[in-house]
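Structure, as structure tokens:
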Amino acid sequence: MNLRTITRRQWMSTVASGLAAVLLPGPIAQAQLMAGMTLVAQGKFRDNGMLHKGAGDAMIYRRADSSMLLRLDNFRVTAGPDLYIYLTKHPAPENTKQVKQGFLQVARLKSNTGAQEYDIAPGTPLNDFNSVVVFCKVFGVLFSAAPLTAIAE
């Protein structure tokens, strides 16, 4: 077995570089992550009233194999029970009735803060949906919405 000896400084530099890439993803790390994907829609989360706050970016990417990915960046939303991510037909829903006019459940919300990714079901007709929302299923309450703008491909 041939082991290469490195100095403590080389080891620290390697560890620091790896941690920086994970903890502080910059434009280069972001570009590497999204390589082979095309941005097809994006929007910004907004507050829904005084109690339910939301902020951050929603981006939908088409992968090379035509599958789709929803990515939330700089994301935060008021904590609540039973929160889910939906795609909705309404362009800028402000209440439950508007959400229920047509929606697709994407997944249970992973966290109320931070970057996260969700696969969108294969065959989803993306053109039918105009916003991404955080919705509380148990109480039927809209927490935040991100109206989507299509990106020309």
Exercise for the section: Please find, within the stretch 17-60, the residue that is modelled with the lowest pLDDT out of those that are hydrophobic (A, V, I, L, M, F, W, C) and buried (at least 16 other Cβ atoms within 10 Å of the Cβ). Expected result: Met37
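Based on this model, can you work out whether Ser144 counts as surrounded by 14 or more Cβ atoms within 10 Å (Cβ to Cβ), in contact with a His (Cβ under 7 Å, 6 or more places away or on another chain) and either in the same structural domain as Lys44 (by TED's automatic domain parsing) or not small (Gly, Ala, Ser) (or both)?
Working: surrounded by 14 or more Cβ atoms within 10 Å (Cβ to Cβ): yes; in contact with a His (Cβ under 7 Å, 6 or more places away or on another chain): yes; either in the same structural domain as Lys44 (by TED's automatic domain parsing) or not small (Gly, Ala, Ser) (or both): yes.
Considered against the rule, which asks whether it is surrounded by 14 or more Cβ atoms within 10 Å (Cβ to Cβ), in contact with a His (Cβ under 7 Å, 6 or more places away or on another chain) and either in the same structural domain as Lys44 (by TED's automatic domain parsing) or not small (Gly, Ala, Ser) (or both), Ser144 comes out as yes.
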Exercise for the section: Looking only at the stretch 98-132, count how many residues are closer than 20 Å to Asp65 by Cα, among the aliphatic types (A, V, I, L, M) and over 15 Å from the mean Cα position of the chain (by Cα). Expected result: 1
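Within the stretch 119-153, how many residues turn out to be assigned to a strand (DSSP E or B) and among the acidic types (Asp, Glu)? Spell out how you get there, then give the answer.
The initial filter retains those residues of the stretch 119-153 that are assigned to a strand (DSSP E or B), namely 119-120, 131-136, 141-147, 149-150.
Okay, now just the ones that are also among the acidic types (Asp, Glu), so 119.
Result for the stretch 119-153: 1.
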Problem - Residues being farther than 23 Å from Gly123 by Cβ and touching a His at 6+ places or on another chain (Cβ under 7 Å) - total across the stretch 73-111 - result: 2
Fill in the blank from the handout: Scanning the stretch 90-118 residue by residue, the ones that are surrounded by fewer than 13 Cβ atoms within 10 Å (Cβ to Cβ), among the charged types (D, E, K, R) and part of a strand (DSSP E or B) total 1
Practice task
Under 8 Å between Cβ atoms, at least 6 apart or on separate chains: pull out the pairs that start in the stretch 133-153 with a residue that is closer than 17 Å to Leu70 by Cα and end on any residue that is among the acidic types (Asp, Glu).
Solution key: Ser144/Asp47; Ala145/Glu94; Ala146/Asp57
Handout entry: Total residues in the stretch 134-153, condition under 13 Å from the mean Cα position of the chain (by Cα) and β-branched (Val, Ile, Thr)
Key = 1
Fill in the blank from the handout: Taking the stretch 70-89 and keeping only residues that are surrounded by 16 or more Cβ atoms within 10 Å (Cβ to Cβ) and either among the acidic types (Asp, Glu) or not in a loop (DSSP other than H, G, I, E, B) (or both), one is left with Leu70, Arg71, Leu72, Phe75, Arg76, Val77, Leu83, Tyr84, Ile85, Tyr86, Leu87, Thr88
Fill in the blank from the handout: The condition of being closer than 14 Å to Ala41 by Cβ and either in the same structural domain as His52 (by TED's automatic domain parsing) or in contact (Cβ under 8 Å) with a residue 60 or more places away in the chain (or both) holds, among Arg108, Arg71, only for Arg71
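The values are calculated or read from the model by the stated rules, or taken from the named source; none is laboratory data. The model shown is predicted, which means the values in this text are computed figures rather than measured ones. Virtual Cβ from ideal backbone geometry, glycine too; neighbours counted across all protein chains shown.
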